[in-house]
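Working notes, beginning with the structure itself.
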Amino acid sequence: MADSPSFWRRWTPVVVAACLIFSAVGLSSCSRYFDHHARRTQARVADLKATFIDLPGQSNALAKAEAEARKADNVQKLDILQRLEWASFDWRVQSAADQSPSSSDVALVFADNDTVFALGHAEAIADEHYDLFWPRWPVFGRVLRELRAQGSRAIAFDVLLPDRRFSEDNLELRNTNVLRVLGSNVIDSDYLFSQELARPGAPAILAIEPDGLPIGLFRARAAAMGDASSPRDADSVARRVRAFTRFRRLNSEIELFAYNRNLNLVYSPAGTVQLMDPDTGVTNQVLEPDSQGRVALPVNPKFGRLTLVYTNQIVWHLGITLAAQALGLDLQAPEFEPGGVRLHGPNGVQRFIPTDDAGYLTVDWQLAINRTNLFLQQNLTSLLRSHAQREYEGAHVTPLFTNRLVVIGSTASGSNLSDRGATPLDKSDFLVSTHLNVAEMVLRQHFIRRTTPLGEAGCVALLGLLASVLTWRLRGLIPLTIVLSFGFLWFVLALWLYVQHRFWLPIAHPVLGGLLLNYAGMVSHRALFEQREQQRIRSFFNRMVSPDIVQDILATGKLNLGGTRRQVTVFFADIRGFTEMTDTSQQAALEHVRSAGLTEAEAEVYFEQQAGEVLNTVNRYLSTISDVIKFHRGTLDKYIGDCVMAFWGAPISNPRHTVDAVVAAVDAQLAVERLNRHRDRQNEEIRKENLERATRGELPMPIHPILNLGSGLNSGNVTFGIMGSEAHIVNCTVFGREVNLASRFESASGHARILIGEATFREIERHAPSLAAVCVELPPIPVKGFRLPVPVYEVPWRTAHAVIRKFTPLLSTVDSEP
């Protein structure tokens, strides 16, 4: 039946392995789900911020989304395997970065602490000193002009410009060169910077974040805007960026319209725009939107131009925008495909940017601020001085930024001056390097692709199956060594795939969840299984064989009890005189009942006492023989009435099974003889006691019967295994022609004799010639079931005793008196 214990023993390892594999796959799937959920909630927060215009309910929705994002990050922080996977990814990034070539395509212009000091002490620009809130044109406008003069391909500002600085509308500069070049030393800084943005040359890109964007004056003049946000994973490391975000903001045309008329804007979520005088606070005009959300800007007294109050726009990451400007990619006509987005440019140029469904892509981190040998980095102060030399002194300046994509950002100390955080390359780096790495990645098409969740589950299942099979099939340190070797090879494969192909093959879940978890689980199960199996084997064999044989069985680790062919020697030993003893005992009991006039109940009690005495007697002889069998490492098969059946050579193979069996037969005769001597002495004591009891008129005590042993042995091939039902009675036994022949030899042996077959004798000749020499060949005897008489030999056990003692101990001589 399929529900038998042997069935479950056979299939339990498969079930355990399947459960472990499913658990490992489940852990992997949960990690990927939680990672995906965290990205989705993070994207939801960014989307709400990017479209936030203070409509009813938006604040509550944003607060709810931020709480959900924090919750998702907290869940990920508990995912140890995910954190280990991130750590392994960082290790691969660092290994790949060590082999990265230098880049001639990107460059960084940074404002560090020295820049802050130089601008504050008029060392960067002659006669001009500024505090931390640097005016836009005197600093960034001049740097932009100098970079264009040096032939930069595109320039991105990783500097947020969210406010209009009215205090700089009449900024007086003390530098006399400004008066000579501009014709005035009083400037409108923001206006001049917006004009600088619109000048011909390298396109200028402004930074934008979901909750902050440049003023309309700058947005209208810049070539493009780029998302400069740097999202972090739950462990606070920036590994990914969002490729694009959909923004909804006030139309820059309306802001520019108000700026040109020196008016302030007050707008409502419904789209109503108020134009207000900043000095008096009086509303000059109210612009009501039409059904399509448009207002008429009064550009002249007669006609107005319809303009949307709010505009929807896809804003790409700053690094992607920077690279797109250089490659000519059309960011306004993306093609969204499964697994990413495709951008097209002139002359067949295109880039496929792989993203997840939340719009995130993994950054190919190669460039870091502290790796100064990989790309051009220059202090903003140096650019300002180069500008002064070129613009005011007419000196020749060596162009360093020719044909480069330049990012202008801050590396100064202080959270208000720069964005700093952990990256795969450094635990604390300036995140302005994010845009450089993204731009470099787009230019070189070094996009990172990761195994799909289904692919990762397949890797986990494959390694888990491998670990389970190895652990169950092999023993000792071999499976552990192989498992660790496969884990190491997986590490090497994952590193090679990343370094050479930028393919992110998972490590934590396949190695730890697939290999090691399944190995540990199968080892634990096997230990429990083997413990229970050993207990089962002990309970099964303890009464059949000696304890050292049980230990040998357990040590082999392999035991086939389902039926196998074995070379054994079978031993039958029958207690002679048992039938006569029972007849005599029964007759004496009947006589006593009649003579004593016992009642029916008293007679029943007396008969039970006599039966107990008979059983005790036969058990005493049988236990004596069984002890000898176990002492000589035999397997006790069964008791057949007053007969004992045993065999040697199974379940543990024994090349000397014939010698051990014959020695046990001799030892059994000696043990029975010694028992009889002991019972004779007891009988002498009983006879004396009976004389005294007779004088007292008491009944005599029974005399102990004296029995002897007839033995038969035969050797040959038999079928060995367990017979019976595990649900009821089972027996480890042998059967076959040679077994039957051994039983026939026992029947023919008579009293106190040992008969063996020819096969047994030939084996003794080979293994114990001195013992074979004392054996006596008898005339062949007819045996039932055999056509011809069968050769037979007798072992004269009294003579053989002296020979045997020379090469092996005997229980009858080393044991104490019975």
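Assorted remarks:
- By the Stokes-Einstein formula, at 1.002 mPa s and 20 °C, region 697-776 with its Kirkwood radius over alpha-carbon pairs has D equal to 136 µm²/s.
- Take the convex hull of the alpha carbons in the chain; its mean projected area over all directions comes to 63.8 nm².
- Protein accessible area in the chain, 1.4 Å probe - carbon and sulfur %: 55 percent
- Solvent-accessible area per residue for the chain (1.4 angstrom probe, square angstrom): 47 Å²
- q = 0.15, 0.16, 0.17, 0.19 Å⁻¹: log10 I(q)/I(0) that the Debye formula gives for region 341-462, counting C-alpha atoms only: -0.92, -1.00, -1.06, -1.17
- Net charge in the neighbourhood of ASN262 (other residues with Cβ under 14 Å of its Cβ; Lys, Arg +1, Asp, Glu -1) is -4.
- Relative packing of 493-499, 378-384, which averages over residues the other C-beta atoms within 10 Å, highest first: 378-384, 493-499
- Coordinate range along principal axes, alpha carbons of region 434-536, Å, largest first: 69, 23, 19
- Spatial extent of region 117-162: Rg and Dmax, with the Cα atoms as the point set, Å: 11.8, 32
- Pairwise Cα inverse-distance average, inverted: Kirkwood Rh of region 462-522 (Å): 11.7 Å
- Under 12 Å, Cβ to Cβ, from VAL25 - net charge with Lys/Arg +1 and Asp/Glu -1: 0
- This model, with +1 at the C-beta of Lys and Arg and -1 at the C-beta of Asp and Glu, gives region 274-362 a dipole about its Cα centre of some 300 debye.
- Whichever aspartates and glutamates have a C-alpha closer than 16 Å to that of LYS688, once near sequence neighbours (fewer than 8 apart) are set aside: ASP680, GLU698
- Hydrodynamic radius of region 348-420 per Kirkwood, over alpha carbon pairs, in Å: 16.2 Å
- Relative frequency of Cα-Cα separations exceeding 21 Å in region 205-294, percent: 47 percent
- Kirkwood Rh, Cα atoms: Rg over Rh of region 235-287: 1.27
- Rh by Kirkwood over Cα pairs, then Stokes-Einstein D for region 619-759 at 0.890 mPa s and 25 °C, µm²/s: 144 µm²/s
- Partner lysines whose Cα lies under 28 Å from the Cα of LYS784, excluding those fewer than 8 positions away in the same chain, are identified as LYS638.
- Alpha carbon Rg of region 388-444, scaled by the compact-globule rule 2.2 N^0.38 Å: 1.54
- Peptides ranked, highest mean first, by Cβ atoms within 10 Å: ranges 477-487, 572-582: 572-582, 477-487
- Screening the chain for DSSP H helices whose Cα atoms reach 20 Å or more along their own axis and whose mean Kyte hydropathy is at least -0.5 gives 5-50, 80-97, 453-473, 478-501, 600-631.
- Debye-sum result for region 229-353 in log10 I(q)/I(0), which assumes one identical scatterer on each alpha carbon, at q = 0.11, 0.13 Å⁻¹: -0.61, -0.75
- Å³ per residue enclosed by the Cα convex hull of region 158-203: 106 Å³
- Cα extents for region 97-206 along the principal axes, largest to smallest and rounded to whole angstrom: 51, 31, 28.
- For region 158-261, diffusion coefficient by Stokes-Einstein and Kirkwood Rh (Cα), 25 °C, 0.890 mPa s, µm²/s: 155 µm²/s
- Length-normalised contact order for the chain - Cα pairs under 8 Å, 6+ apart - percent: 12 percent
- In terms of packing, defined here as the mean over residues of other Cβ atoms within 10 angstrom, the peptides 184-191, 671-678, 274-281, 510-517 line up highest first as 510-517, 671-678, 184-191, 274-281.
The values are calculated or read from the model by the stated rules, or taken from the named source; none is laboratory data. The shown structure was predicted, so the numbers you read here are calculated from the model rather than taken from an experiment. Using ideal geometry, Cβ is built from the backbone for each residue, glycine included, and neighbour counts are taken over all protein chains shown. These accessible areas exclude ligands, DNA and RNA; they are computed on the full protein's heavy atoms, side chains included. Shrake-Rupley method; radii C 1.70, N 1.55, O 1.52, S 1.80 Å.
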